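Everything below concerns the one structure shown next.
The values are calculated or read from the model by the stated rules, or taken from the named source; none is laboratory data. In this text, all values refer to a predicted model and were calculated from it rather than measured experimentally. Every residue, glycine among them, receives a Cβ derived from its backbone with ideal geometry; neighbour counts consider all protein chains shown.
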Amino acid sequence: MSNSSLRAPAETAVEQCMGLRSSESCVVVTDDERQAIGEALYGVAGEITDDAVIVRYPPGEQHGAEPPEPVAAAMAGVDVVLAPTTKSLSHTEARTAANEAGARVATLPGITDGVFLTGLDADYESIRAECERVLDRVVDADEIRVTTDLGTDITFEPGGRDWRMDTGIVHEAGEMSNLPAGEVFLSPENANGRYVVDGTMMPHGRLEGDTLEFGVEDGSVTHISDDDVRAEIEDAAAEVGDAAYNLAELGIGTNLAVEDLVGSVLLDEKATGTVHVAIGDDHGIGGDTHAPIHLDGVITGPTVYADGEVVDLPESIAS
């Protein structure tokens, strides 16, 4: 796909989402497999500020792998970071350090041309309003319960941890977002129950009628029905032990522009009418677990309860 066709979503990302100004510095961090999107973002940024650069490195081995040190240093030394990469930088020390240094950061993990065009063809002010509406319904709850007709019945306890919003509007120093954006999310202190993923989950992508089942006890995943997902978690556990089984996240999708699941976790977890549950690392989203994985599973058609009261979600997309 040509850079010209990627210009409109690049403008949305740089101008509306990041609010890049002429007085600011910007680095676009990309890799050999996402170069076209990186160059489109760099092209728009370079028209706004003379202090824009693009850095490229080989794709990481897995999501959450740290980038090379020169890349991490570049991220921590600018006002704005845009990171369209094959493997996610969201849950890395490099991203955390950049935010702590005051950079505004947007990661675009696993982004494809199609997801870039679909997910950034949106009004992010409307998405922010939807995030605020959902947050208002859940923020004070002691318990969040999620059920589905396929057998999901799991209860999350926020404890002392805060709900967060991924609105896509990243205008304040130290803020961070995924792009495409649109979710309200939490790293819970505890969770118990069972959840059934029927939407999208790596390494499978869109499940297309299949389901993956997970059991959770005292905040840890104790049952995994799928051999491939289990193997990924076991590999991580060989490195960090039980932290790999941490129930890391509950997220509620709020991106009104996502009408269908496409097989990209980055986009599908943002779809309105879905929730997602993640396993592994949560240290960058309000938790205290460090792990080399963060595996999101998208669940369609959920009913969400906040202290027993149903949370009004937009109509679920087709499962």
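Checking Asp296 against (1) modelled with pLDDT under 95; (2) within 17 Å of Leu108 (Cα to Cα), which single condition isn't satisfied?
Of (1) modelled with pLDDT under 95; (2) within 17 Å of Leu108 (Cα to Cα), only one is false for Asp296: (1).
What residue, of Thr118, Thr107, is assigned to a helix (DSSP H, G or I), under 19 Å from the mean Cα position of the chain (by Cα) and among the hydroxyl-bearing types (Ser, Thr, Tyr)?
After applying the criteria, what remains is Thr118.
Step by step: first the residues of the range 99-111, then only those that are farther than 16 Å from Ala72 by Cβ and among the small types (Gly, Ala, Ser), then the one that is surrounded by the fewest Cβ atoms within 10 Å (Cβ to Cβ). Which residue is that?
Selected residue: Gly110.
Output the number of the condition that His63 fails; it satisfies all remaining conditions of (1) part of a helix (DSSP H, G or I); (2) under 30 Å from Ile279 (Cα atoms).
(1)
A quick yes/no check of all residues on (1) at positive phi; (2) in contact (Cβ under 8 Å) with a residue 40 or more places away in the chain; (3) of a type in the set (S, T, N, Q):
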| position | (1), (2), (3) |
| --- | --- |
| Asp162 | no, yes, no |
| Ile169 | no, yes, no |
| Gly174 | yes, yes, no |
| Ala181 | no, yes, no |
| Val184 | no, yes, no |
| Ala191 | no, yes, no |
| Arg194 | no, yes, no |
| Val197 | no, yes, no |
| Pro203 | no, no, no |
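In the range 111-123, what residues are out of contact with any strand residue (DSSP E or B) (no Cβ under 8 Å at 6 or more places or on another chain) and not β-branched (Val, Ile, Thr)?
The answer is Asp113, Gly114, Leu117, Leu120, Asp121, Asp123.
Could you please find all residues in the range 94-104 being part of a helix (DSSP H, G or I) and farther than 12 Å from Val71 by Cβ?
Thr96, Asn99, Glu100
Kindly provide the set of residues from the range 188-206 that are in contact with a helix residue (DSSP H, G or I) (Cβ under 9 Å, 6 or more places away or on another chain) and among the basic types (Lys, Arg), ordered by number.
If the condition is that a residue be in contact with a helix residue (DSSP H, G or I) (Cβ under 9 Å, 6 or more places away or on another chain) and among the basic types (Lys, Arg), then Arg206 is the only one that fits.
Pairs under 8 Å by beta carbon, first residue without any contact (Cβ under 8 Å) to a residue 40 or more places away in the chain in the range 133-153, partner outside any strand (DSSP E or B), six or more apart or different chains?
Short answer, once both residue conditions are applied: Val139/Trp163.
Can you confirm whether Val170 is at pLDDT 95 or above, in a strand (DSSP E or B), in contact with a Ser or Thr (Cβ under 6 Å, 6 or more places away or on another chain) and surrounded by 17 or more Cβ atoms within 10 Å (Cβ to Cβ)?
For Val170, the condition - at pLDDT 95 or above, in a strand (DSSP E or B), in contact with a Ser or Thr (Cβ under 6 Å, 6 or more places away or on another chain) and surrounded by 17 or more Cβ atoms within 10 Å (Cβ to Cβ) - is not met.
Can Asp50 be described as surrounded by fewer than 19 Cβ atoms within 10 Å (Cβ to Cβ), part of a loop (DSSP other than H, G, I, E, B) and not assigned by TED's automatic domain parsing to the domain that holds Ala244?
yes
Tell me the residue from Ala72, Ala106, Ala98 that is more than 15 Å from Ser177 (Cβ to Cβ) and outside the structural domain of Asp281 (by TED's automatic domain parsing), please.
Being more than 15 Å from Ser177 (Cβ to Cβ) and outside the structural domain of Asp281 (by TED's automatic domain parsing) holds for just one of Ala72, Ala106, Ala98, which is Ala72.
For the range 112-129, give me each residue that is buried (at least 18 other Cβ atoms within 10 Å of the Cβ), closer than 23 Å to Lys87 by Cα and touching a helix residue (DSSP H, G or I) at 6+ places or on another chain (Cβ under 6 Å).
Val115, Phe116, Gly119, Leu120 - these are the residues of the range 112-129 that are buried (at least 18 other Cβ atoms within 10 Å of the Cβ), closer than 23 Å to Lys87 by Cα and touching a helix residue (DSSP H, G or I) at 6+ places or on another chain (Cβ under 6 Å).
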